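Notes follow once the structure below has been shown.
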Amino acid sequence: MPEAGRLPEKPAAEAGRPLLEVENLARYFRVMAPWVERLLGGKRPKMLKAVDGVSFAIPTGRTLAIVGESGCGKSTVARLVAGLYRPTDGTIRIDGLDAVHAKNAAERRHIRRQLQMIFQDPMASLNPRWRVRDIIAEPIRAFGLVKSRTEIERQVAELLTHVGLAPIDGEKFPHEFSGGQRQRISIARALSSRPRLLLCDEPTSALDVSVQAQILNLMRDLQREMGLTYLFISHNLAVVRHMADRIAVMYLGRIAETAEADTLFAAPRHPYTRLLLETIPDPLKPKRDREPLAGEVPNPLDPPPGCAFNPRCPFANDRCRAERPELKRARAGKGWAEVACHAVEEGRI
Amino acid sequence: MAARTALGRLFGRVRQSDLLWSFRSSKTTMVAGVVVGVMFLASFLAPWIAPQDPYDPASLSLSDAMKPPVFSDRGFWLCPGGYELREGACAEEAKGSWQFPLGTDDQGRDLLSTILYGTRLSLVVGFASIALAMVLGIGLGLLSGYAGGALDAFLMRVADVQLTIPAILIALTLDGIVRGIVSTQRHEEIALFVIVFSIGLSLWVQFARTVRGSVMVERTKDYVAAARIIGVSSGGIMLRHILPNTLGPVFVISTINLAVAIITEATLSFLGVGLPPTQPSLGTLIRVGNDYLFSGEWWITVMPGIALAVLILGVNLLGDWLRDALNPKLR
Amino acid sequence: MALLEVRDLRVEIPTRRGLLTILDGVSFEIAQGEVLGLVGESGAGKSISGLAIIGLLEPPARIAGGTVTLDGRRIDNLQREEMRKIRGARIGTIFQDPLTSLNPLYTIGRQLVETIQTHTHLTNRQAEARAADLLKQVGIPAAESRLNAYPHEFSGGMRQRVVISLALCAEPVLVIADEPTTALDVSIQAQIIALLKRLCREHRTAVLLITHDMGVIAETADRVAVMYAGRIAEIGPVGAVVNRPKHPYSAGLMGSIPTVERRLDKLPQIKGAMPRPGAVPHGCAFAPRCGYSRDLCRAERPELYATEETRSACFQYDKRWEKAHA
C-alpha cells in the first residue's frame, strides 16, 4: 500500500543497521512539593532521574530484553522509545531516523508506523467501551492503511485467528475475555498496523503461569513469521531467558550490564546481575538454605553518589562511592559483556 | 435490517442485564418507576387527554370557578353574599363533580388539566436545564481533566465561584436584566430560556467535577497510551476513548439532578421570577393557590403540591436505585 | 494429630445466576511446625481457602459444607466473638499488600502494641518493649525509634516485615500467608522468605503459604497442594510434586514455567483455560484439557489416590483405570 504524504529522504535501514538505536537516553522528572510547602518550607524541587544515560541498539529481527526491579526505569525507557515521553537528553533513532526531532509530519508518521506497544495490564490496555474489532482496527484506521470497510473486517478477522482467537470474538467487549485472551487482543491490535518494532512492557507479568507460556510461545512464533524486532521489558529473568537474544540489566536508571543471553546467564559479571540471579526462586533449583544479601533498593530521588549499587555491593571501594562507572567491554566466560563496574574493570572480580 | 438486528440485540441485552434484574428486585423502585412513568406519559399526552385546555380563555367560565375536588363534600362556595359554609343552600354547587375531578381554580380552570400541562412544563424545563448542564459540565470536565495544569486549575476555580452562587440568585439576576432589556411580552416569550439557562448554569459544576475525576483516572490507563502511540489527536482521545468511560456516573447524577432542577424551577415560579402566569408550571400553580389556602379553597395549592411532591419523590427514588445498581462495589 | 485439619471444605456464593461453588470439597492437613504450600492459578480457590479457614469470607460467600479443625477443635462453625479470639492469638495472617495491611493513620508502634494487648495481658510499657523486640527479630534496624514511624515511611520490604511481626506477636500456632512476597521486588522477596522460614522454625509455627509462585514454594514449603478449579489436584512433599508430578495438571504447570537453566524452543503449554466456578465440567475438572482422559474421567469425579510419593486426583492411579475406555 503506498504511503500518504511525502516519504522521508533518507533510505530505509541499510542491511545490518540496527532498527532501534538509543544513545545516552535520559529522562528526568521534576518532583515538587505543593507550592505552599515550597513557599513556607523552602523545599527545592528534586529531580527524579528515572533514566540516566542509557544506550543500546537492536538489530532487525532480534530481541533485546531490559531487566530490572521496580523503579529501575525500564518501563520509562520503553515509553521514551514509544514517544509517550520526550527525552530530557539523548537520541533515539528508529530505522535510521531521529525519532525525537522528526523533520516533518510525513516522517513522524513513518516513524510512528514502525513501532507498536504491548502493555502489562490486560484490563487497562483495552478500552472497555469499545468492541474488540474496533480496538484492533484502530491502528489501521489511524494510519489510513486500508480504506474499505470489508477489507478492514477481513484483516481484523485474520489477525484474530492469527493470535488464537475466533473472528466472531470481534463482536464482543473486552470484559468478556480472560486476561490471557485480552493480551492476545492487545497483540492483534499491535500487529494490525504491521509494525517492525514491538515494545513489550511486562506483557506476561499479570498472567498465570500456564497462560504466560501460551502468550510467550505465540510471541516467539509471530517474531519468526513476521521478522519482528522486540524490546522486551521484564523483571522476570526466567521469562527473559526464554525470549531474549540480548539482555540489558538496569539499576536505578542506568545499565549495569549488557550481554548476549547465553553469556549473561553463564557468566554474569556485574554484582547486581549476580544478586538477581542468586535471588530468583527457581522451582527446579531451589535454594532452601539461602542467606540472601541484605539491603534495600535506594530511593531514586536520592541515589547514592558514584555507582548506584555501592551500598549493597560487597566489592565496593572508595572509587565506587565517588565515581560513576561507565559501560566497558569485559570478558564474560566464553563471550563478552559490557559492564559498568569498577571492580570488574580493575580485575577485582 | 441492520438497525432492526441492532435494536433486537440491545433489547435482548437489556432483558438479560443486571440492571433490569436489580430494578425488578426492589418493590419501591418499581412503584416509583411506574408512577414516574405514568406522570411522564400523561403530561406528554396532555393536549389529547386533558379534559379542558386551561390556556384557552374561551373554554373557561367563571361560573366554574372555585369548585372543590370530586371527593370533597363540603367545599366552600361563593354564594351570593359572600363565602359561606353551607349544607343546604348552594350545597349543590358545593359538591365536587367528575367534570372537574380535582377542582378548579379562581379562573375556572380545571385543576387536573392545569396540573397535566404544568407537569409537562416542569419536565421540559427540568430536562432542558439538565441537558445544558450536561453539555457544559461534560465539556469543561473533559478539558480540565485531560489538559491538567494551569487550565485545570483555572476551570476549577471558576467552578468553585459558580458553586457559591445559588440558582435562585442567578435566576433573579438574569431575570432582572432581561426584564430591563426587553418588553414584557418578549420577556414572557423568552422566560423559558432564561429559566433553563439559569438552572443549567447552577448545575454544571457537579457534572464537570465528576467527569474531571473520571478523566484523570482514565487518562493514565494504557489504552489511552496505545492511542497516543499511533498518533490519535488529543481531541480524538477525549471524545472517542475517554468520554464513553465517564458517562456512568454522569447518568446517575443527571437523574438525581433532574429532581433538583424541577424543584428549583418550582421555587423560582413560586417566587414569581420563573415562568409567567400564562405558562403556569406546578410552581406557579402553587403560588396562585397560596392566596386561597387559608380562605378554604385548599385544593388549588395542595393538588399541584402533591403532584410535584410525587414527581420529585419518584425521580429521587429512581436516581437512588440507579446509583446503587450501577455501583460496581455493591454488586 | 495434625494441627490443622480441613475436611471436604465447600464454599458457595449465591448469585443471580444461581449458586456458584468456588471451593468444592477441599481436604488437607498441616502438622505442627510444617509449611504447607497451596498453589494454583488465579480463580483456583487458594485465597478463598485461606479466608474460609480464618473466618473472613465476605458475604454472601459462605461455608457450605465440610469442617475445619484446629488442634482438635472445630473452628468453622464458631460465633463471631469466639472466632475473633482465635484470629490473631492462634492463627496469624499475612496478606499480599503491605500497603493496605497497615493502617496509614497510626504509627507502627501503636498498631503493634494494640495487637499485642488484644491477645496478651501486658501493660503498655511491657507491650512496647515486646513490640521493639519483635521489630528487632524481623530485622528492622533501630527498632525502638522506628516504633514512632508511620507505615508510609517504610519501604515495601520493611512494611512486610512489620506485617510478619504483627502476625507473630501473639505466638500463634498457625500463620496463613496469602501471597506474602508477590508485591515485592525479587531481591527483597528472597529476604522475606528467608525471614519467614527462620521465624517459623524458631517459634515452631506452622505456615499455610498461599501463592502462585512455584519458585517460592520450592524454596519454602515442606509439602504442597496444587489446586485446580476449586479442588485439590495433587498433594505431597514439595520435591516430589515439583520434580515428579503425578497429576497431568501439575505436570503441565511445572512444565510451562520458564527456567533460567535453559532456553527451550517452545515452552510446553496446556491448551485451553481453567474453568470458572459454575462452568466446571462434570467429572474431573481437568478432563477437557487433559491428554490422557478417558470416559471414566468425564463420568465421575476422582478422589485423591495414593501414588508413590504423593496423592493425586487422577484416575490413572485408581484401580479402575485399566478397564476404562478412551
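What follows is calculated from the coordinates using simple rules that are stated; it is not laboratory data. Everything quoted here is computed from the prediction, not taken from an experiment. Here the Cβ is made from the backbone with ideal geometry for all residues, glycine too, and neighbour counts use every protein chain on show.
Given points 7 Å out from each Cα along the Cα-Cβ axis, report the C:Asn124 to B:Tyr55 separation in nanometres with one decimal.
7.5 nm
Expressed in whole Å with the largest first, what are the equivalent ellipsoid semi-axes of the stretch C:131-179 derived from the C-alpha gyration tensor as the square root of 5 times each eigenvalue?
In descending order, the three semi-axes are 19, 13, 8 Å.
Compute from the Cα atoms of the stretch A:51-170 the Rg and the Dmax, the latter being the longest Cα-Cα distance, and quote both in angstrom.
17.0, 47
Take every Cα-Cα distance within the stretch C:150-304, group them into 10 Å bins from 0 onward, and report for each bin the whole-number percent of pairs it holds.
Going out from 0 Å in 10 Å bins, the stretch C:150-304 shows 9, 32, 30, 20, 8, 1 percent.
Considering the stretch A:181-278, what Rg and Dmax in Å follow from its alpha-carbon atoms?
14.3, 42
Please work out the FRET efficiency for the pair A:Ile168 and C:Arg62, using the Cβ-Cβ distance as r and a Förster radius of 41 Å; give the result to the nearest 0.05. List each step's numbers first, then the result.
On the way: r = 38 Å, r/R0 = 0.92.
With R0 = 41 Å, the Cβ-Cβ based efficiency is 0.65.
Semi-axes of the protein assembly as shown's equivalent ellipsoid from the Cα gyration tensor, sqrt of 5 times each eigenvalue, largest first, rounded to whole Å?
Each semi-axis is the square root of five times an eigenvalue, giving 63, 38, 31 Å.
What's log10 of I(q)/I(0) for chain A at q = 0.07 Å⁻¹, Debye sum over Cα points only, no solvent?
-0.34
What is the percent of Cα-Cα separations in the stretch C:12-80 that go past 20 Å?
Details: 744 of 2346 pairs.
Result for the distance tail: 32 percent.
Report the charge-dipole magnitude of the stretch A:238-337 in Debye, nearest 20, computed about the Cα centre from +1 at each Lys and Arg Cβ and -1 at each Asp and Glu Cβ. The partial results should precede the final answer.
Numbers: 17 positive and 13 negative charges, 58 e Å.
Dipole about the Cα centre, nearest 20: 280 debye.
Which whole-number percent is the relative contact order of chain C (Cα, under 8 Å, 6+ apart)?
20 percent
C:Ala229: net charge of surrounding residues, Cβ under 14 Å, Lys/Arg +1, Asp/Glu -1, itself excluded?
Values: positive: C:Arg10, C:Lys46, C:Arg231, C:Arg276, C:Arg289, C:Arg301; negative: A:Asp208, C:Asp24, C:Glu41, C:Glu234.
Charge balance in the 14 Å sphere: +2.
Using the Kirkwood radius built from alpha carbon pairs, what does the Stokes-Einstein equation give as D for the stretch B:190-331 at 4 °C and 1.567 mPa s, in µm² per second?
Roughly 72 µm²/s, to the nearest whole number.
So, R0 is 51 Å and r is the distance between the beta-carbons of C:Arg198 and A:Lys334; what FRET efficiency does that work out to, to 0.05?
Numbers: r = 39 Å, r/R0 = 0.76.
For R0 = 51 Å, the calculated efficiency reads 0.85.
Explain nothing, just the number: dipole magnitude of chain C about its Cα centre with +1 on each Lys and Arg Cβ and -1 on each Asp and Glu Cβ, in debye rounded to the nearest 20.
My answer is approximately 480 debye.
For labels at C:Ala299 and C:Glu153 in the simple 7 Å Cα→Cβ model, what's the distance in nm?
Distance between the two pseudo-spin positions: 6.9 nm.
Can you check how the C-alpha radius of gyration of the stretch B:266-311 compares to 2.2 N^0.38 Å, as a plain ratio?
Details: Rg = 9.9 Å, N = 46, 2.2 N^0.38 = 9.4 Å.
Normalised Rg, Cα atoms only: 1.05.
Evaluated at 10 °C with a viscosity of 1.306 mPa s, what Stokes-Einstein diffusion coefficient in µm²/s does the stretch B:227-275 have when Rh comes from the Kirkwood expression over alpha-carbon pairs? Can you show the working numbers first?
Working: Rh = 13.6 Å.
Calculated translational D: 117 µm²/s.
Given the options C:Thr67, B:Gly236, C:Phe28, identify the residue whose Cα lies farthest towards the positive end of the charge dipole of the protein assembly as shown (+1 on Cβ of Lys, Arg; -1 on Cβ of Asp, Glu).
So the residue we want is C:Phe28.
Considering the convex hull of the alpha carbon atoms of the stretch C:1-160, report its projected area averaged over all viewing directions, in nm², one decimal.
Its average projected convex-hull area is 11.4 nm².
On the first, second and third principal axes, largest extent first, how far apart are the outermost C-alpha atoms of the stretch A:218-349 in Å?
If we take the Cα atoms of the stretch A:218-349, the spans are 51, 35, 35 Å.
Give a quick list of chymotrypsin sites (Phe, Trp or Tyr not before Pro) in the stretch A:226-284 that DSSP marks as loop, anything other than H, G, I, E or B, with at most 13 other Cβ atoms within 10 Å. Walk me through the numbers on the way to the answer.
Values: sites: A:Tyr230, A:Phe232, A:Tyr251, A:Phe265, A:Tyr272; in loops: none.
Taking the stretch A:226-284 and a limit of 13 other Cβ atoms within 10 Å, no loop chymotrypsin sites (Phe, Trp or Tyr not before Pro) are found.
Within chain A, which is the longest segment containing none of the GluC sites (Glu not before Pro) that sit in a DSSP loop and have at most 10 other Cβ atoms within 10 Å? Don't jump to the answer; show the numbers that get you there.
Numbers: sites that count: A:Glu9, A:Glu14.
With GluC sites (Glu not before Pro) excluded where exposed in loops, chain A gives A:15-349 as its longest stretch.
If R₀ is 30 angstrom, what is the calculated FRET efficiency for the pair C:Ala89 and B:Thr220, using the beta carbon separation as r and rounding to 0.05?
0.10
Across every pair of different alpha-carbon atoms, what Kirkwood hydrodynamic radius in Å does the stretch B:104-224 reach?
16.6 Å
Sum -39500 (n - 2.57) across every DSSP H segment of at least 4 residues in the protein assembly as shown, then divide by the residue count to get the 222 nm mean residue ellipticity, nearest 500. Kindly include the intermediate steps, with their values, before the conclusion.
Numbers: 37 runs with 449 residues, N = 1006.
Roughly -14000 deg cm²/dmol at 222 nm, from the helical runs in the protein assembly as shown.
I'd like to know how the stretch A:132-226 sits against the 2.2 N^0.38 Å rule of thumb: what's its Cα Rg over that expected value? Before the final figure, lay out each step's value.
Working: Rg = 13.0 Å, N = 95, 2.2 N^0.38 = 12.4 Å.
Against the compact-globule rule of thumb, the ratio is 1.05.
With N residues in chain C, what two-decimal value do you get for its Cα radius of gyration over 2.2 N^0.38 Å? Please list the in-between numbers first.
Details: Rg = 21.0 Å, N = 326, 2.2 N^0.38 = 19.8 Å.
Compared with the compact-globule rule of thumb, chain C sits at 1.06.
Report the label-to-label distance for B:Val158 and A:Asp89 in nanometres (one decimal), using points 7 Å from each Cα along the Cα→Cβ vector.
Each label point is offset 7 Å from its Cα along the Cβ direction, giving 4.1 nm.
Which chymotrypsin sites (Phe, Trp or Tyr not before Pro) does the stretch B:254-331 hold that lie in a coil by DSSP with at most 14 other beta carbons within 10 Å?
When the chymotrypsin sites (Phe, Trp or Tyr not before Pro) of the stretch B:254-331 are filtered for loop state and at most 14 Cβ neighbours within 10 Å, B:Phe294 remain.
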